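Shown next, in structure tokens, is the structure this report addresses.
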Amino acid sequence: MKRLMTIIAAFCCITANAEVKLPKIFSDNMVLQQQTVCNLWGTAAANKTVKVTTSWDKQTYKVQAAEDGSWKVQVRTPQAGGPYDISFNDGKETVLKNVLIGEVWICSGQSNMEMQMKGFKAQPVEGANEELLQCGDSNLRLLYVKRTAQFKPQSDIKDGTWKVADAASVRDFSATAYYFGRALRRTLGIPVGLICTAFGGSACEAWMKADWLRAFPQVQQTITEDDVKKLNQRCPTALYNGQLFPLIGYTMRGVLWYQGEDNVPRYSYYAELLKRMVEGWRSEWNQGEFPFYFCQIAPYDYSIVNWKDSQYLREQQQKAEEIIPNARMAVLMDAGLEYGIHPRKKREVGERLAMLALSNTYHVKGLPEYAKYSSVEFRGDTAVVAFDRSKEWVYFEHGTTSKNFEVAGNDRVFHPATKVWISRNRVYLLCDAVKQPIAVRYAFHDWAEGDLMHDGLPVSSFRTDNW
């Protein structure tokens, strides 16, 4: 609540007239989170009484604006439904129309979350044209937050308004987020609202408050306005200030996150960094340990941009899943693009995030689960790899073997496995060049086309060593 008051104070300015003013995130067509108490805020004339009336229950809430004109109120929402109106009146009425009650998700990250259904130039989204022909849905609402890196926390988003899903709005909205929302709509059958606040090429550090970064001496601690202008979306705190701060307090269900590519050169502490970011966001929102579902970055040949070792960043993301409460990771080992950092397969990404949300937040039964490497046993010249969460047994996507496994002995030199086969939920490995194996790696490179699967979902790249 203290955090919300800070946001309201930042938003407010003393108004000369009596008209209620609202942040852009409160507009016609918006979605409010169902069956909870939702925060609304804005400004009015100093000391004026603001009356907020919700059409779903005819309830009127009264709140007095402070000396600086700021006010806030909490309204109770019913089960999913609508459309409804919300009236704000301190002498002159402002009405928000076509408001739905449903499920609200914040969708954030860098370019692969930002990537619109229309794609980037010469970088299409697979199946986009077909989807645009049938994407109209009056119960799916979209809010895109315009890019802005800022030195100080902003009171409102730079631009954006809630839109009903149709070909025009979906074309310019995050493909990943859209496919997530579409899956929720089809499964839950209730309104869904998506807020996309993403920025291509952004660093995880940019989405964090300065106080949270003090635990990481590797990160620049003193930030100036010139730093923001120079580094933009890679500047620590800049996107927290510009694109996240104005949203804090908007009552929602959870967060989707697709980011990590920019942190590849700084992979060594990414798990702890992401954990601190999530802790900070949860503290600011004051909604407890809300769900946090994120994407493991897809394979890509990082030598194209003179980087390397993104497999270690993927490993850090797997660690993050283990150390962040109420967080799960969507694996994308089969959805990358060797020559492009922006994979075309965004439907798979959005639907896999939806599977995590539907299984873990909405408790929908019968959906598949990601298998996960658990242990390895060495039996003479044979390595036997075991997996958790693998009731349906693992298998190879293309045939009965794989070229993605490597084995090493005491010299720590890895060689491609000569023979690879599966029995139930175990992978067996032999290597002619390694008679006494002590370590195994699977798809542990920048680029690999993942082929180890479980129940229709890929298994993450992994290694059994810590060299």
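The values are calculated or read from the model by the stated rules, or taken from the named source; none is laboratory data. Predicted model, so just to flag it, every value in this text is computed and none were measured. With ideal geometry, Cβ positions are generated from the backbone for all residues, glycine too; neighbour counts draw on all protein chains shown. Just the protein is used for accessible areas: all its heavy atoms, side chains included, with ligands, DNA and RNA removed. Shrake-Rupley method; radii C 1.70, N 1.55, O 1.52, S 1.80 Å.
Side notes on the structure shown:
- Checked against the criterion of being in a helix (DSSP H, G or I), surrounded by 22 or more Cβ atoms within 10 Å (Cβ to Cβ) and not acidic (D, E), region 333-341 has no qualifying residue.
- Meets criteria (in a helix (DSSP H, G or I) and either loosely packed, with under 15 Cβ neighbours inside 10 Å or over 21 Å from the mean Cα position of the chain (by Cα) (or both)) for E348: no
- Residue in region 416-436 that is least open to solvent (accessible area, probe 1.4 Å), counting only those that are assigned to a loop (DSSP other than H, G, I, E, B) and of a type in the set (K, R): K435
- Here W467 clears all of (1) touching a residue at least 60 places away in the same chain (Cβ under 8 Å); (2) surrounded by fewer than 16 Cβ atoms within 10 Å (Cβ to Cβ) except the condition numbered (1).
- Scope region 113-153; condition farther than 17 Å from L194 by Cα and surrounded by 20 or more Cβ atoms within 10 Å (Cβ to Cβ); matching residues: V125, A128, E131, A149
- Positions within region 132-147 being in a loop (DSSP other than H, G, I, E, B), in contact (Cβ under 8 Å) with a residue 12 or more places away in the chain and not charged (D, E, K, R), in sequence order: L133, C135, G136, V145
- Any hit, region 440-448, residues being more than 28 Å from the chain's Cα centre (by Cα) and not charged (D, E, K, R): yes
- Checked against (1) in contact with a Pro (Cβ under 7 Å, 6 or more places away or on another chain); (2) in a helix (DSSP H, G or I), F378 passes all but condition (2).
- Given (1) within 30 Å of Q34 (Cβ to Cβ); (2) surrounded by 18 or more Cβ atoms within 10 Å (Cβ to Cβ); (3) not polar (S, T, N, Q), number of the condition H363 does not satisfy: (2)
- Subset tally (residues that are under 16 Å from the mean Cα position of the chain (by Cα) and assigned to a helix (DSSP H, G or I)) for region 351-371: 9
- Any chance N286 is without any contact (Cβ under 8 Å) to a residue 12 or more places away in the chain and either over 22 Å from R352 (Cβ atoms) or crowded, with 23+ Cβ neighbours inside 10 Å (or both): no
- Condition check for T382: open to solvent by less than 50 Å² (accessible area, probe 1.4 Å), under 30 Å from A433 (Cα atoms), among the hydroxyl-bearing types (S, T, Y) and at pLDDT 95 or above: yes
- Screening T6 on (1) hydroxyl-bearing (S, T, Y); (2) open to solvent by 10 Å² or more (accessible area, probe 1.4 Å); (3) modelled with pLDDT of 95 or more shows it passes everything except condition (3).
- Single residue of region 394-415 satisfying the filter (of a type outside the set (D, E), open to solvent by 70 Å² or more (accessible area, probe 1.4 Å) and in contact (Cβ under 8 Å) with a residue 24 or more places away in the chain) that is nearest to G456 (Cα to Cα): Y395
- Every test in (1) open to solvent by 70 Å² or more (accessible area, probe 1.4 Å); (2) in contact with a Lys or Arg (Cβ under 9 Å, 6 or more places away or on another chain); (3) more than 24 Å from N98 (Cβ to Cβ) is passed by D159 save one, and that test is (3).
- Top-ranked residue in region 169-192 [being free of Cβ contacts under 8 Å to residues at least 40 places away in the same chain and open to solvent by less than 60 Å² (accessible area, probe 1.4 Å); ranked as farthest from the chain's Cα centre (by Cα)]: G189
- Matching residues in region 91-112 - criterion: being crowded, with 24+ Cβ neighbours inside 10 Å and within 26 Å of K51 (Cβ to Cβ): V99, L100, I101, G102, V104
- For beta carbons closer than 9 Å, sequence separation of 6+ or different chains, a first residue in region 63-77 that is open to solvent by 40 Å² or more (accessible area, probe 1.4 Å) and a second that is of a type in the set (F, W, Y), the qualifying pairs are Q64/W71; K72/W41; Q74/Y61.
- N129 meets all of the listed conditions (1) more than 29 Å from A203 (Cα to Cα); (2) in a strand (DSSP E or B) but one, namely (2).
- Yes/no for D432 being within 30 Å of F290 (Cα to Cα) and without any contact (Cβ under 8 Å) to a residue 24 or more places away in the chain: no
- Only listed residue being open to solvent by 50 Å² or more (accessible area, probe 1.4 Å), in contact with a Gly (Cβ under 6 Å, 6 or more places away or on another chain) and not aromatic (F, W, Y), chosen from D226, D166, D211: D166
- Residue, most open to solvent (accessible area, probe 1.4 Å), within region 367-378, restricted to residues that are over 24 Å from Q259 (Cβ atoms) and touching a helix residue (DSSP H, G or I) at 6+ places or on another chain (Cβ under 9 Å): L367
- Looking across region 388-405, the residues that are on the phi < 0 side of the Ramachandran plot and out of contact with any Leu (no Cβ under 9 Å at 6 or more places or on another chain) come down to D388, S390, K391, E392, H398, T400, T401, K403.
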